[in-house]
1. Please verify whether A81 is in contact (Cβ under 8 Å) with a residue 12 or more places away in the chain and farther than 21 Å from R119 by Cβ, treating the condition exactly as stated.
2. Return yes or no: is L227 touching a residue at least 60 places away in the same chain (Cβ under 8 Å) and surrounded by 14 or more Cβ atoms within 10 Å (Cβ to Cβ)?
3. Of all residues in the stretch 436-448 being touching a helix residue (DSSP H, G or I) at 6+ places or on another chain (Cβ under 9 Å) and assigned to a strand (DSSP E or B), which is surrounded by the most Cβ atoms within 10 Å (Cβ to Cβ)?
4. Of L21, L13, L36, which residue is within 30 Å of D149 (Cβ to Cβ), surrounded by 12 or more Cβ atoms within 10 Å (Cβ to Cβ), of a type in the set (A, V, I, L, M) and at pLDDT below 90?
5. Go through (1) touching a Leu at 6+ places or on another chain (Cβ under 9 Å); (2) crowded, with 17+ Cβ neighbours inside 10 Å; (3) farther than 19 Å from P139 by Cβ one by one and return the number of the condition L64 breaks.
6. Please state which of the following conditions L21 fails to meet, knowing it meets all the rest: (1) assigned to a strand (DSSP E or B); (2) in contact with a helix residue (DSSP H, G or I) (Cβ under 8 Å, 6 or more places away or on another chain); (3) over 21 Å from P139 (Cβ atoms).
7. Identify, from the list A235, A195, the residue that is within 28 Å of Q398 (Cβ to Cβ) and either assigned to a helix (DSSP H, G or I) or small (G, A, S) (or both).
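The values are calculated or read from the model by the stated rules, or taken from the named source; none is laboratory data. Everything numeric in this text was worked out from a predicted model, so none of it was measured. For neighbour counting, all protein chains shown are included, and Cβ atoms are generated from backbone atoms with ideal geometry for every residue, glycine included.
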Amino acid sequence: MRRIRELSLRARLLLVSAAGLALGLAAGGILLVAVLGYAQTRSVHSESMDTAEGVARLIDQGSLTRSIPVPPGVQVQVLDAGDRVIAVSLTADRLVPILYDDELRDLPDGRSVRIPGTRLGYHGEARVVKVTAGPPTAPMRILVARSTDQITQSVHLLRLTVLVIFPLLVGLLALVLWRALGAALAPVDALRSGAEEITGGTRAGRLPVPRSHDEIFRLAVTLNDMLHRLDAARARQRAFVADAAHELRSPLTNMRTELEVAQHLPDDTDWPALADDLLADVQRLSRLVDDLLLLARQDDGTTRNVTGRVEELDLGQLVGETAERYPDVEHRDTGEPLPLTGEPDALARVVANLLDNAVRHKRDRVTVTTSADGPDLLIVVTDDGPGIPEADRDRVFQRFTRLDDARARDAGGSGLGLAIVHELVRRHGGTVTLADANPGLRVEVRLPATP
């Protein structure tokens, strides 16, 4: 069994198919021989019965003679009530009955029995039919014997033919099947070769797709889709790592420069100011690391749903408490309850990121409003800054995206704020859209209210 499992798929399929074919042909051959033997035996019985019924009619008509005319190869005897032979065919024994006393007694009327052909001078076996005729007071029994040697020879010849031809047929069909399996599995081998080349880096990350629209075609398409997603994931990962390294390098470089200057000029260094600068850089690093961890967990699939502390809250109160930390932000609330089920920390993070972005780019004012809109709740943050061109509004939700007017480190953030907003809002079943505020930018967050 272990050796079979070590064979190739093509060889295993051929072995199973050939075994099934051989068993099927063997069963068919056995059935054919059996049916042929049965049909010929029934034919002999039927012909013997016809002969016996013809003799019976002669007896009923009183036309029976001592010599009964019958076809060649047939022996007929007519026995009286005392089992004496009173009429025979030309080749039959005139004195001794064809059947012995016990065979004659046990054989039902209209049935046949096999006997050795040597009794009648035949080779092989013979079949004898018994039919009763005449008046009930003086019944006569008619025995009709025919040789079955020809039947035996034809069945034997058929058996030999099956034993010779069927193995040759199985071998021929196995050869054809081997070629057919090779053609059928050729696309699979092409997929394997393509995967090997992709692994070795000698070809692009796509597998050959067969022309036939069958299961292998669908498998190749699915595998190519998987390879495309893997390539895209690797590209995102490389970009993510490169951008993260770049973002982390800037504050680390600032900290290192400040410390090296302080180390070489210890007497001229304002140590409290240096501590404040280093603390600001550390806080920036901490925020950046937190943002990177949140987005990394998103890529890992661990934050597809709301997974933090979920509770019933009032959206207007949450936005108001967050806006209090920004002196330049005006919060406008309708005063009506805005019930919402969600993560308070995550939603506060959404509001804080939006307000940070608005305050960074404002000229004079920033406004945040909360209201209900049918089954949804709205958070709208508006600033009077330069806004975002319509062509760039989808791109700003991607990671590490900065527009040309926000590339300076003192003005721009890490480029992760809106990406985190988009992810956290999506986790709560909401949407984020950007629009013109004339002048400035209007950011609308739509969240499903608690029913």
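1. Here the answer is yes, as A81 does meet what is asked.
2. It is false that L227 is touching a residue at least 60 places away in the same chain (Cβ under 8 Å) and surrounded by 14 or more Cβ atoms within 10 Å (Cβ to Cβ).
3. The qualifying residue surrounded by the most Cβ atoms within 10 Å (Cβ to Cβ) is V445.
4. L36
5. (3)
6. For L21, the exception is condition (1).
7. Only one candidate passes the filter, namely A235.
Conditions (1) of a type in the set (A, V, I, L, M, F, W, C); (2) at pLDDT 90 or above, marked per residue:
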site	(1), (2)
P71	no, no
V76	yes, yes
L95	yes, no
T118	no, no
A133	yes, yes
M140	yes, yes
A145	yes, yes
